[in-house]
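Report on the structure given below.
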Amino acid sequence: MTTEHKLKAKDFATDQDVRWCPGCGDYSILKQVQSVMAELELNRDEVVVVSGIGCSSRFPYYMNTYGMHSIHGRAPAVVTGLKIANPDLHVWMVTGDGDGLSIGGNHLLHILRRNVDVNVLLFNNEIYGLTKGQYSPTSEQNKKTKSTPFGSLDYPINPLAFAMGASATFIARSMDRDVKHLKKMLHRSEAHKGTSMLEIYQNCNIFNDGAFFSFTEKSSKPETAIFLEQGEPLVFGVDHSKGIRLDGYKPQVVDLEKDGFSKEDLWIHDETDIYKAQMLVRFFDDPSNVEGTYFPRPFGVIYAVDRPCYEDQLHAQVAEAKAKSKMNGLDDLLRGTSTWEVE
Amino acid sequence: MSDSIQIKEEVTIKFAGDSGDGMQFMGNLFTENTALKGNDLATFPDYPAEIRAPIGTMAGVSGFQLHFGSKQIFTPGDQVDVLVAMNAAALKANLTRLKKTGTVIVNEDGFDGKNLRLAKYEKGVNPIEDDTLNDYEVFKIQLTKLTRECLKESPLSMKEKDRCKNMFVLGFLLWRYTRNLDSILTFIKNKFAQKPEILAANIATLKAGYHYGETTETFTTTYEVKKATLPPGTYRNIMGNHALALGLITAGQKSGRPVFYGSYPITPASDILHHLSRHKDFNVKTFQAEDEIAAATATIGAAYGGDLAITGTSGPGLALKGEAIGLAMMLEIPMVILNIQRGGPSTGLPTKTEQADLLMAMYGRNGECPMPIISASTPTDAFEVAFEACRIAMEHMTPVLLLSDGYIANGAAPWMIPKADEIEPIEVKFAEPREEDDPAFLPYERNEKLVRQWALPGTKGLAHRIGGLEKEANTGNVSYDPANHEYMIKIRAAKVDKIAESIPAQKLEMGEENGDLLILGWGSTYGVIQSVVSEMMSEGVSVAHAHIRYIHPFPKNLDNIVKGFKRVVIPEINNGQLVKLIREKYLIEAIPYNKIQGVPISHSELKNFVKQVMEVKV
Ligand SMILES: Cc1ncc(C[n+]2csc(CCOP(=O)(O)OP(=O)(O)O)c2C)c(N)n1
Ligand code: SF4
Ligand SMILES: [Mg+2]
């Protein structure tokens with residue numbers, strides 16, 4: 001894994017013109033991925049970026065690594081085959097909310113439960129960008145788009161609850177506009193052995209501008225979003241004046257200044273606690289109404305546990321079968337158990 | 001003791017019973033024993049799609065036909081010499097196939113009021129009591145009663161005991177064909193090693209059936225079919241799907257690549273997944289995917305990573321894989337797609353055979369997407385064809401589609417086992433690592449065969465991007481240039497066409513070039529064409545047989561061959577598909593013969609048709 005000189009972020013960029021719309025959130029994600037790969041001192045020859053189809057899925061063309069732009073929704077299966085062929089590769093998979101949760105929802109489900117060692121980056125812009133602005137499975141209900149002039153009817157999917165349901169071993173959320181946080185989450189994704197499911201809120205400034213502004217903009221962010229830190233209490237709000245405590249098995253938002261609770265009373269974040277993670281992924285309230293029982297949207301690593309990876313187990317089975325084999329070469333196999341001779 | 005042993009040249013036996021009666025198991029055991037005796041043989045298992053089809057009804061009848069002989073055997077046979085009927089429905093469904101003077105072995109206990117009613121015999125009619133069977137030699141055996149009697153000491157439940165009655169018939173038949181029980185005893189001892197009570201019951205009933213023949217039928221003749229004269233070598237009996245799986249493993253061993261097999265279960269392809277998953281010790285990785293699309297795309301991933309990557313399915317699954325195959329074609333990576341055809345369209349006839357996916361294989365993808373197609377013609381041919389498909393895929397960096405069908409998949413035949421060291425290796429060369437000052441790697445640069453290099457992720461200095469978007473020649477960069485697109489379409493097609501330069505010339509299986517009639521086939525019609533052509537040649541007709549293994553591209557000399565005959569008949573188990581390709585390519589008036597009933601074309605059907613064709617003056 002030795003490279004002559006230390007690579008910089010720009011060494012991970014290709015000579016191809018990046019064709020996203022000016023101002024698209026994808027640019028920021030591309031830049032952070034390139035710089036994280038440089039920080040991690042990854043060897044370009046051992047990295048493969050695989051995507052499906054969508055604006056986001058153009059990503060591999062811009063990465064000076066190995067890459068494959070596959071077909072719509074199927075990247076999880078492609079990377080599964082690739083990791084089975086060569087478990088040593090560092091595989092990153094890029095998908096969109098349509099690619100990963102609509103046409104490819106089935107495959108995403110299965111890669112998560114198999115726990116193939118791949119970093120999944122799900123660019124969620126709550127819209128179909130490449131096909132010019134139809135609603136997606138993550139779009140809010142009643143969304144007016146080209147294909148839904150009277151408003152969309154489908155209830156939106158909650159990507160991280162989906163991942164939880166699929167028994168993912170790593171579940172995290174970040175956003176294009178918080179560069180520091182995004183980089184941290186990319187580092188965590190790569191560090192995790194198994195399928196890392198990182199949902200990234202990404203602004204499509206052409207077809208769904210501002211979809212996540214309430215989480216990403218300074219003015220509203222403190223009230224709408226909560227940033228999780230392992231071992232730390234769940235606090236949010238301006239000056240961390242609010243927190244979340246557990247009242248039995250029910251989460252409760254408390255005002256640390258008014259309600260008579262201190263930080264010691266709050267829910268301590270534990271990434272390995274499946275019950276707490278189940279609750280956190282369900283913090284999915286509409287940020288346009290932060291009054292009343294609103295729970296802030298969690299960002300950070302919600303859940304991270306170890307479980308053996310599919311490809312490692314498969315290779316172990318092959319190794320064991322070889323070690324225990326009673327066959328003495330191909331001739332034995334071809335002959336089988338009962339033969340006869342013709343003279 | 002029996003009266004005498006009569007020598008027979010060939011015999012066809014049909015085992016028929018309820019799908020729960022163990023007909024396939026019994027048929028396979030008898031076949032294995034027949035093979036070990038050194039006979040040539042062909043089999044035809046025919047069973048309902050439902051695992052537990054309604055008991056006692058015509059719909060629930062499961063059959064297994066075996067044709068064996070001391071002469072060359074081409075097909076499982078049209079008419080049968082011996083019919084084993086485990087119940088009334090089995091007799092009713094098969095009696096018309098029994099030769100005059102044939103033998104019927106019936107389970108008397110399967111002809112009670114209920115069974116007769118379920119088989120829809122009229123009230124009061126019992127075919128084994130009236131004169132229905134007058135023309136035949138009939139053995140009425142009270143199988144259920146005798147089996148229970150034989151097992152009265154066994155701790156098994158009544159249901160389990162009744163399930164042993166197939167062993168009784170098997171024993172009886174083994175006696176009748178002067179076989180010894182050794183190979184079957186060895187087999188069932190292995191199979192039921194963990195279940196001593198079931199093993200004991202099976203052995204007891206098998207022996208009881210054998211002795212029943214010896215003791216009760218004292219004045220009957222037994223038969224013997226002598227060894228067939230096959231080319232010298234070591235043989236085993238093998239089914240098509242098994243041979244195909246072995247061909248894939250052999251290709252892995254001979255190319256030095258690990259085998260990856262991605263598949264989603266579907267009849268009649270599942271057995272390939274089952275076989276391969278047992279042979280991990282031969283560097284085989286099997287992946288049961290969540291659907292056929294995932295199976296195909298995971299296979300693409302594995303091929304990209306450097307495995308000998310194969311995906312297998314049947315018709316409906318091939319329809320799902322279409323987009324992925326287009327991607328593999330566009331990426332130009334090696335991959336094999338198996339389609340074990342069954343009756344279509346849609347779910348169609350899952351357990352029956354058909355050849356109706358040929359045009360889907362040729363054209364079933366979006367855009368201009370020609371790909372190599374190769375087809376297996378017999379169960380044993382499946383081995384070679386599987387190997388050949390892998391060779392073409394890796395040597396020409398292309399997806400290859402292999403067509404087989406249910407009849408080949410489940411049919412069995414004696415196979416002369418090849419010696420591993422006599423099989424030609426498959427040369428695999430990956431793109432070489434590069435240093436920083438080497439010229440840039442061009443992923444879509446081509447050699448004289450128009451083949452690009454297989455460049456594995458992880459190789460130093462070759463980082464590059466591939467994808468489904470049209471790519472610029474040589475660099476592989478995305479390109480929307482109009483002229484480049486046309487150039488790339490043509491060059492991908494030309495690459496596939498060039499394969500014709502490295503495949504064997506089309507040969508005639510029988511007969512001479514330039515005659516009155518050519519029967520041109522592909523796939524599982526091989527046996528019936530052989531049998532008709534050999535018979536007609538002996539009758540002095542100027543007829544020949546050619547069988548196409550390489551369907552796309554066709555062998556270069558096929559043109560000359562088809563144009564050398566006054567008439568070309570193309571029999572197919574579909575509504576006329578190869579015939580379209582031949583007419584289109586060679587502009588000849590090929591004559592289709594089609595049967596689309598889920599069963600193979602029979603000897604007499606084809607022969608009658610060919611005779612009619614010969615009567616028309618040309
Ligand atoms: C089989 C197939 N169906 C439809 C399309 C058209 N298509 C391309 S991208 C896309 C939606 C992409 O949405 P998303 O995954 O959210 O990606 P984004 O463009 O928003 O990044 C669709 C429907 C296609 N390329 N292939
Ligand atoms: S359409 Fe939206 S997602 Fe696509 S490139 Fe433009 S801004 Fe980005
Ligand atoms: Mg989107």
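The values are calculated or read from the model by the stated rules, or taken from the named source; none is laboratory data. Just so it is clear, the structure is predicted and the values come from calculations on it, not from any experiment. Every residue, glycine as well, gets a Cβ built from its backbone with ideal geometry; the counts of neighbours run over all protein chains shown. Accessible surface areas use protein heavy atoms only, side chains included; no ligands, DNA or RNA. Shrake-Rupley method; radii C 1.70, N 1.55, O 1.52, S 1.80 Å.
A compact table of results
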item: Two-site FRET efficiency, A:Ala9 against A:Ser102, from Cβ-Cβ distance with R₀ of 35 Å, rounded to 0.05; result: 0.65
item: Computed [θ] at 222 nm, helices only, for the protein assembly as shown once each DSSP H run of length n ≥ 4 contributes -39500 (n - 2.57); result: -9500 deg cm²/dmol
item: Averaged over A:40-51, number of beta-carbon atoms from partner chains that fall within 10 Å; result: 3
item: 1.4 Å probe accessible area per residue over the stretch B:239-422, in Å²; result: 23 Å²
item: Nearest-ten-degree value, helix A:75-85 long axis tilted from longest Cα axis of chain A; result: 40 degrees
item: Net charge, B:Leu143 excluded, C-beta distance under 12 Å - Lys, Arg +1, Asp, Glu -1; result: +1
item: Accessible area of chain A divided out per residue, in Å², using a probe of 1.4 angstrom; result: 43 Å²
item: Simple label model, 7 Å out from Cα along Cβ direction - B:Met58 to B:His211, nm; result: 4.1 nm
item: Residue-span extension gain [B:Asn180 to B:Asp559] - 0.36 nm each, minus C-alpha spacing; result: 131.3 nm
item: Table column - 3J(HN,Hα) (Hz), the stretch A:58-65, Karplus curve with 6.51, -1.76, 1.60, x for Gly and Pro; result: 6, 2, x, 5, 9, 10, 7, 9
item: FRET E, pair A:Tyr249, A:Ser220, Förster distance 41 Å, beta-carbon r, rounded to 0.05; result: 0.90
item: Separation of alpha-carbon centers, the stretch A:259-283 and the stretch B:119-166, rounded to whole Å; result: 71 Å
item: Relative contact order computed over chain B (Cα-Cα under 8 Å; 6+ residues apart), in percent; result: 12 percent
item: Net charge dipole size for the stretch B:567-615 [Lys, Arg +1 and Asp, Glu -1 on Cβ; Debye, nearest 20]; result: 60 debye
item: Karplus-derived HN-Hα couplings along the stretch B:49-66 (A = 6.51, B = -1.76, C = 1.60, θ = phi - 60°), whole Hz, x at Gly and Pro; result: 6, 7, 5, 10, 5, x, 4, x, 9, 4, 5, x, 6, 10, x, 9, 10, 10
item: Distant-in-sequence amide H partners of B:Val400 (H built 1.01 Å from N, under 5 Å); result: B:Met335, B:Val336, B:Ile337
item: Residue-wise HN-Hα coupling along the stretch B:372-382, computed from phi with Karplus coefficients 6.51, -1.76, 1.60 (Hz; x: Gly, Pro); result: x, 10, 9, 9, 8, 10, 9, x, 7, 4, 4
item: Distance (nanometres) between label positions extended 7 Å along Cα→Cβ at A:Gln16 and A:Tyr155; result: 4.0 nm
item: The stretch B:538-578-the stretch B:487-509 distance, computed between alpha-carbon centres (Å); result: 19 Å
item: Buried area at the B-A interface (accessible, heavy atoms, 1.4 Å probe, summed, Å²); result: 5300 Å²
item: FRET E, pair B:Glu615, B:Leu230, Förster distance 45 Å, beta-carbon r, rounded to 0.05; result: 0.80
item: 5 angstrom amide H check on B:Ala431, placed H, neighbours 5+ away; result: B:Trp454, B:Ala455, B:Leu456
item: Segment A:Asp273-A:Met327, length gained on full extension (0.36 nm per residue, minus Cα span); result: 14.8 nm
item: Interchain or long-range residues, amide H under 5 Å from B:Trp522's placed H; result: B:Ile548
item: Computed lengthening from B:Leu469 to B:Lys140, 0.36 nm per intervening residue step minus Cα-Cα distance; result: 111.5 nm
